[in-house]
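Right, one structure below, let's go through it.
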Amino acid sequence: WSLYENPWTIPNLLSLVRIGLAPVLGYLIVQEDFSVALGVFTLAGITDLLDGFIARNWANQKSALGSALDPLADKILISVLYVSLTYANLIPVPLTSLIILRDIVLIAAVFYVRYKTLSPPRTLGRYFNPCYATAQLKPTFISKMNTAVQLILVAASLAAPVFNYVDSVYLHILWCLTALTTTVSGYSYCHYGRKTFKVIDNK
């Protein structure tokens, strides 16, 4: 990738759609409209699958911005969903707190990497300009698995009041599994450090 790239790719627009759906989902869950929320969540999941598929198969749709925007969209969506589902008493507070704490640390790390990889002059305009590509993020395998597990728990929790299995032991098992993958994935970023992103050579 060159230093200056077009940020308006289809995968990036799909990620923005997913970010836009987050508050809609939050509102639906707080209003306990779980059936509609399940449908909107399915739509958000389709945009996630589509943007990954397009970025992998069309080289001109792949971007450094997308490598950060896609996981950021996931984190925003997951954070809103977990807070809303906790408000609705479908996911325990400690699990949501663990997930949000991890995501805050990771987002702060992304901002730090952006600052360190941006060539001088480091101005606010250049820092927040999505056209300037400085680093490509490379999520760890366990992090990808963790996102999948978190989304499976969301889907199961949204469906629970619709299909009457709110007190199922399987939900409790999913809580424990999600807490485990969240902790291990957070550790993996600490352990691998520099291997989780690639600085783009702009010479």
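Quick notes on this one:
- When L21, L50, L28 are checked against the criterion of being within 15 Å of the chain's Cα centre (by Cα) and under 24 Å from S97 (Cβ atoms), L21 stands alone in meeting it.
- Complete set of residues in region 92-118 that are of a type in the set (V, I, T), farther than 14 Å from F128 by Cβ, open to solvent by 50 Å² or more (accessible area, probe 1.4 Å) and within 16 Å of the chain's Cα centre (by Cα): I104, V105, I107
- Set side by side, the residues L177, L151 differ, and just one is assigned to a helix (DSSP H, G or I) and open to solvent by less than 60 Å² (accessible area, probe 1.4 Å), which is L151.
- Residue count for region 180-203, restricted to those that are in contact (Cβ under 8 Å) with a residue 40 or more places away in the chain and open to solvent by less than 40 Å² (accessible area, probe 1.4 Å): 7.
- All conditions in (1) open to solvent by less than 60 Å² (accessible area, probe 1.4 Å); (2) more than 30 Å from N129 (Cβ to Cβ); (3) without any contact (Cβ under 8 Å) to a residue 24 or more places away in the chain hold for G20, with the sole exception of (2).
- Pairs, first closer than 19 Å to L25 by Cβ in region 80-105, second open to solvent by 20 Å² or more (accessible area, probe 1.4 Å) and not in a helix (DSSP H, G or I), C-beta under 8 Å, six or more apart: T86/P92; A88/E32; L90/V166
The values are calculated or read from the model by the stated rules, or taken from the named source; none is laboratory data. Remember, predicted model here, so these are calculated numbers, not experimental data. All Cβ positions, glycine included, derive from the backbone under ideal geometry; neighbour counts span all protein chains shown. Just so you know, the surface numbers come from the protein's heavy atoms only, side chains and all, with ligands and any DNA or RNA stripped out. Shrake-Rupley method; radii C 1.70, N 1.55, O 1.52, S 1.80 Å.
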